[in-house]
Structures are given as C-alpha cells and as structure tokens.
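Only one structure is covered here, and it is reproduced in the block below.
The values are calculated or read from the model by the stated rules, or taken from the named source; none is laboratory data. As the structure is a prediction and not an experimental result, all values here were calculated from the model. So basically every Cβ, Gly included, is an ideal-geometry build from the backbone, and we count neighbours across all protein chains shown. Surface areas here come from the heavy atoms of the whole protein model, side chains and all, with no ligands, DNA or RNA. Shrake-Rupley method; radii C 1.70, N 1.55, O 1.52, S 1.80 Å.
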Amino acid sequence: LAFEARLRRALERREFVVYYQPKVSLFSGRIVGAEALVRWNHPERGILLPGEFIALAEEAGLVGRMGMLVLDIACRDILAFRAADKSFGRVAINLSGAQFNDVRLLEDVQSVTEFWRVAPASIEFEITESMVMHNREQAIVLMDGLKKAGFTLSIDDFGTGYSSLAYLKRFPVDSVKIDRSFIKDIPDDPNDTAIVLAIVAMAHTLGLKVIAEGVETPLQLQTLIESRCDEYQGFYFSKAIPESDFLQLLQKQS
Ligand code: G
Ligand code: G
Ligand code: MN
Ligand code: NA
C-alpha cells in the first residue's frame, strides 16, 4: 500500500518522464518516428524502468492515468520534434490491457490530441496480440473507433502470441512489430530467418508495414533490409533517450 500511495503522489506531481527510442526507415535511412517509453523519475531512487512499476500501477488501477500523462507529454514533444524536422512522422505509445478495456479510451485520447492540436495520425498505439485476443469482438470495435478517429495502430510483440493470419486480416491495424526474440539470432538461426521473411511477406500481402525491434548488429540489419522490413528499432541505432537528446538527433539529420 505504501508503494501504491507513492505512485498516486507521483502521478499528481507528474514525476513520470518519457524517453524516446528512434524508428529508422528502410526507404530513407532516416529517423521517421519513435517509441515513447515511460520512466519514473523517482526523487530518491532516480530513473526507474517500467519493469519496476507498470505491473503495480496496473494492480492499483493507476495505469490508465499514467497512460494519459504519457500521451500528454508525447503530444507536447511531437510539436518540438516537428519543429526540428518537418518530415518527422509518428510517436508510438504502448497501451496496457486495462486502458484497452476502458470504454472511455477513445474519448480520453481524443481530448488530449485535440488540446495539443496534434493530428491523430501522428500517434501510433502499440497493442499486444494477447490484449486483442482476450476479447476479440470488443477489441475490433475499439480498434475500428481509433482508426476512424485517425489514429495509427500497430501489433506489438508480433509472433509471440497466438497470431493467426485469419485474425490479422480482420484487425484494422497499420503495421506489425516483429518481436525481438525472432531478431536476436538472425541470420545464424535459419528458422528465425525464415520466420522473419514469412512475417514480412504475409504482412505486405495484407497491406501492413513491418517494424523490427531489438536490432543490435549490422548483420541483423542487413538481413532485415534484404527481407524488405519497413522500419527498424533497436540498440544498433539508439536506446531510448530523453526528449532533449532525441531532439538533437533530429536536428542533426535535417
Ligand atoms: O525500455 P523498456 O524497459 O522501457 O520498456 C519495458 C516495457 O514497458 C515495454 O514492454 C513496454 O511495452 C512497457 N512500457 C513502456 N512505456 C509504457 C507506457 O507508457 N505504457 C505502458 N502500458 N507500457 C509501457
Ligand atoms: O516491445 P516493448 O514495448 O516490449 O519494447 C520495448 C523494450 O525493448 C524496452 O525495454 C526497450 O529498452 C527494449 N529494447 C529496445 N531495443 C532493444 C534492443 O536492441 N535490444 C534489447 N535487448 N532490448 C531492446
Ligand atoms: Mn512496444
Ligand atoms: Na515489443
């Protein structure tokens, strides 16, 4: 309970910060977007990673409020990113299961983007397969609503759940993010290399873009380029960094 009270106070005091990890385009080789990753700037303990507080925030019913704070910060930061680089695309935001089950999600996110006058297409929501598969029909209704409002949708950790072609076709999503467990051992592991190729081919057939996460080595990148994966994210390019550092990266490339 002490931790829960501490987390509540952290929300009131806006102790959360957002770090950004670049997404690089196959087509242009430029940074075209970023994934927003929340950190708790704890007054005594310093920067805490999501693994130390997200699950507890979910249990305490606070993850929705935290998510709205993350979206609020990301919208503010997008305006700065656009000012630094006119061609800057999207910021991706991770949704938790609790947010996805909240009937007010669409209303809430629209009120934030409207406040900042940020086009919904600049916001990409990363949704995991398991969140969608948990309640498929309700998930499709919510995703349809978000799409109609103009938001971009992506399936995170793709390949780890019970992803099926049949369902992917019915989900109104724009892209899939291949889970980093499939990227880790390419090109040495022929099975993983084949899986990556198959995911890209399948996604492209369905008109979806493919993002690879966890890209760490030049050989992994080369393999992904050869498989025509659309965007890359990983330590090879950059870890998640504070807003001011990300802004500098954008300024350097424009
Ligand atoms: O870099 P990293 O340790 O930041 O992130 C770990 C995990 O935390 C990731 O799987 C990511 O999905 C999750 N995460 C990061 N930021 C957020 C956020 O703003 N909201 C939610 N729900 N999850 C997040
Ligand atoms: O997909 P999720 O939303 O689960 O992914 C974000 C997590 O992946 C964060 O914890 C981030 O720090 C981590 N991550 C990002 N790039 C890399 C990478 O190249 N290698 C590894 N091992 N982890 C990465
Ligand atoms: Mn993610
Ligand atoms: Na992921």
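The table that follows gives values for the structure above.
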quantity: Area accessible to solvent at Lys147, 1.4 Å probe radius, in Å²; calculated: 70 Å²
quantity: Carbon/sulfur fraction of accessible area - segment 24-103, other protein chains in place, 1.4 Å, %; calculated: 57 percent
quantity: Carbon and sulfur %, accessible surface of segment 167-233 computed with the full protein complex present, 1.4 Å; calculated: 54 percent
quantity: Highest average packing first - 30-38, 101-109, Cβ atoms within 10 Å; calculated: 30-38, 101-109
quantity: The chain: angle of helix 2-12 to the longest principal axis, Cα-based, in degrees nearest 10; calculated: 90 degrees
quantity: Stokes-Einstein D for segment 1-66, Kirkwood Rh over Cα pairs, 25 °C, 0.890 mPa s (µm²/s); calculated: 185 µm²/s
quantity: Average accessible area per residue (Å²) across segment 111-254 - probe 1.4 Å, nucleic acids and ligands excluded; calculated: 49 Å²
quantity: Derived scalar couplings ³J(HN,Hα) [segment 180-193; Karplus, 6.51 cos²θ - 1.76 cosθ + 1.60; whole Hz; x for Gly, Pro]; calculated: 5, 5, 7, 8, 3, 9, 7, x, 4, 8, x, 5, 5, 4
quantity: Percentage relative contact order, segment 47-109, counting C-alpha pairs under 8 Å, at least six apart; calculated: 40 percent
quantity: Span from the segment 14-63 Cα centroid across to the segment 126-203 one, whole angstrom; calculated: 21 Å
quantity: Cubic angstrom per residue, convex hull over Cα atoms of segment 83-185; calculated: 116 Å³
quantity: For segment 63-142, the fraction of alpha-carbon pairs in successive 5 Å shells from zero, as %; calculated: 3, 14, 26, 23, 17, 10, 6, 2, 0
quantity: 222 nm mean residue ellipticity, helices alone, for the chain (DSSP H n ≥ 4; -39,500 (n - 2.57); rounded to 500); calculated: -14000 deg cm²/dmol
quantity: Share, in percent, of DSSP beta bridges within segment 132-254 that are antiparallel, nearest 5; calculated: 0 percent
quantity: The chain: antiparallel DSSP beta bridges as a percent of all, rounded to 5; calculated: 40 percent
quantity: Additional length obtainable on full extension of the chain from Glu44 to Gln248, 0.36 nm per residue less Cα span; calculated: 70.6 nm
quantity: Rel. contact order, % - alpha carbon contacts under 8 angstrom, at least six apart, segment 1-133; calculated: 23 percent
quantity: Distance histogram for the chain (every C-alpha pair counted, 5 angstrom bins, percent rounded to whole numbers); calculated: 1, 6, 13, 17, 19, 18, 14, 8, 3, 1, 0
quantity: Inverse mean reciprocal Cα-Cα distance (Kirkwood Rh) of segment 9-106, Å; calculated: 14.6 Å
